[in-house]
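First comes the structure, then the notes that go with it.
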């Protein structure tokens with residue numbers, strides 16, 4: 001197969017190579033040009049028969065790098081044979097008759113050098129895989145269970161703080177211990193038995209990339225490694241370690257809250273005991289009548305009943321209708337309401353059975369539906385009646401408490417017994433404060449039985465990557481081509497200008513000719 005025959009890619013490759021041989025000095029081309037062209041034709045024929053277009057592409061990658069290196073060496077060898085700078089420049093530009101030709105040839109040479117260098121470096125760089133785990137992070141901490149405060153301040157540094165914590169020892173140390181990275185990386189990167197935890201941690205931070213997902217509470221944890229399975233394991237281990245850290249932090253704050261409430265309750269109990277002892281002492285000193293004690297106790301009971309009934313009624317009114325109806329029997333022992341709720345339950349069960357057996361428009365289903373509607377109206381009427389009765393009872397109790405309070409106020413002794421009543425008031429305040437603490441404790445107990453949002457939730461586990469993400473071979477090759485174009489244009493312009501200036505000097509035309 002000669003140069004004039006063969007498929008178009010084959011002939012095109014030979015033509016391009018013939019022109020590229022001009023980057024060699026003229027004496028080198030005269031001595032070795034024919035042999036180099038024949039060798040390239042033979043290699044083209046073998047590559048085409050073996051892999052067609054892919055074979056020619058591989059041949060060109062090898063040929064361009066060799067062409068760039070050997071042409072430079074030959075040019076430098078030719079320069080060394082000249083004694084003067086003028087002779088060296090004349091040899092260097094011996095094949096450049098015009099500045100445009102000089103520009104094109106320098107451009108091609110520099111472009112091929114940069115482009116082939118980018119290809120070589122790209123394929124020599126180690127491959128790296130990436131795996132990403134996503135977590136959802138609650139930005140508002142819950143000191144106790146239940147809903148966060150409505151006026152909780154926004155922390156503009158929350159994300160940055162979270163990133164620093166995720167890269168801190170408290171999160172990364174469990175990851176290193178779980179995956180035994182000290183031993184693995186010591187053998188892998190340093191040919192040692194083991195690394196120190198601080199060394200492994202510093203190396204691990206270089207492989208981690210933390211990025212917040214825009215307009216969400218999600219954080220992407222990306223880990224890079226030359227082992228795709230290891231990258232996924234590390235990303236998942238970091239997500240789990242941070243989740244465990246946040247859980248433990250939340251539990252620690254909750255335990256501290258409980259301890260604070262218990263200390264406050266104990267302090268209020270001591271205050272009550274001290275106040276009670278003071279009241280008993282003043283009672284004996286001023287000979288306070290027992291009947292007055294009975295009135296005070298009655299008034300306190302009435303006030304307590306008013307508070308309890310008021311809170312109970314307020315809570316019932318805040319409940320949704322269906323929940324309020326189910327809660328009333330446990331608050332008020334009303335046989336009629338209990339019976340109606342039982343009938344409603346039976347009717348709803350029967351309605352489910354009837355709709356399974358008959359169409360919705362059938363008489364049986366319609367009759368049961370009508371019965372359910374009637375029972376719902378009766379239950380609502382009964383529930384409203386109970387709430388109205390509770391309100392009337394509350395008003396009556398409040399009125400009795402007010403009346404009794406006025407009577408007690410009117411029956412108080414003169415100013416001589418004022419210390420007793422002051423101590424009595426302090427005792428009442430201490431008891432009220434203790435009740436508030438106990439109420440808060442009960443509230444926390446109730447809230448602890450309710451579901452609360454997890455501080456950290458793993459929404460997506462990391463999976464081993466299918467292909468390496470580093471280096472980005474297409475991007476690197478394109479960047480090498482672009483850089484080669486710019487550098488080639490710059491170098492070509494400089495050498496073209498030098499050729500133009502050299503051509504204008506006396507005697508230069510003779511050299512060029």
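The values are calculated or read from the model by the stated rules, or taken from the named source; none is laboratory data. Only a predicted model underlies this, so the values are computations on that prediction, with no experimental measurement involved. Cβ atoms come from the backbone with ideal geometry, glycine included; neighbour counts cover every protein chain shown.
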Of (1) part of a loop (DSSP other than H, G, I, E, B); (2) at pLDDT 75 or above, residue 152 satisfies every one except (2)
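Please determine whether any residue of segment 334-349 is over 20 Å from residue 308 (Cβ atoms) and not in a helix (DSSP H, G or I). Spell out how you get there, then give the answer.
The first filter runs over segment 334-349 and keeps only residues over 20 Å from residue 308 (Cβ atoms), leaving 335-349.
Keeping just the survivors that are not in a helix (DSSP H, G or I) gives none.
No, segment 334-349 contains no residue that is over 20 Å from residue 308 (Cβ atoms) and not in a helix (DSSP H, G or I).
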Residue pairs qualifying under the 7 Å Cβ cut-off, at least six apart or on distinct chains, with the first in segment 5-24 being without any contact (Cβ under 8 Å) to a residue 24 or more places away in the chain and the second being not in a helix (DSSP H, G or I), are 11/3
Given the condition closer than 24 Å to residue 109 by Cβ and at pLDDT below 70, answer yes or no: does some residue in segment 61-68 qualify? yes
Of the residues in segment 37-56, those that are surrounded by fewer than 14 Cβ atoms within 10 Å (Cβ to Cβ) and either in contact with a strand residue (DSSP E or B) (Cβ under 9 Å, 6 or more places away or on another chain) or at pLDDT below 80 (or both) come to 49, 50, 51, 52, 53, 54
Of (1) surrounded by 15 or more Cβ atoms within 10 Å (Cβ to Cβ); (2) in the same structural domain as residue 337 (by TED's automatic domain parsing); (3) at pLDDT 75 or above, residue 430 fails just (2)
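Based on what the data block shows, is residue 115 modelled with pLDDT of 80 or more and buried (at least 19 other Cβ atoms within 10 Å of the Cβ)?
Working: modelled with pLDDT of 80 or more: yes; buried (at least 19 other Cβ atoms within 10 Å of the Cβ): yes.
Yes; evaluated as a whole, the condition is true for this residue.
Take the residues in segment 328-370 that are closer than 30 Å to residue 315 by Cα and more than 51 Å from the chain's Cα centre (by Cα), then tell me which one is surrounded by the most Cβ atoms within 10 Å (Cβ to Cβ). Lay out the reasoning, then the answer.
First pass over segment 328-370, keeping only residues closer than 30 Å to residue 315 by Cα: 328-349.
Then drop every residue that is not more than 51 Å from the chain's Cα centre (by Cα), which leaves 333-337, 339-340, 343.
On the way: 333: 9, 334: 17, 335: 8, 336: 12, 337: 19, 339: 11, 340: 21, 343: 16.
The qualifying residue surrounded by the most Cβ atoms within 10 Å (Cβ to Cβ) is 340.
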Of the residues in segment 389-406 that are exposed (fewer than 15 other Cβ atoms within 10 Å of the Cβ) and within 26 Å of residue 272 (Cα to Cα), the one that is modelled with the highest pLDDT is 402
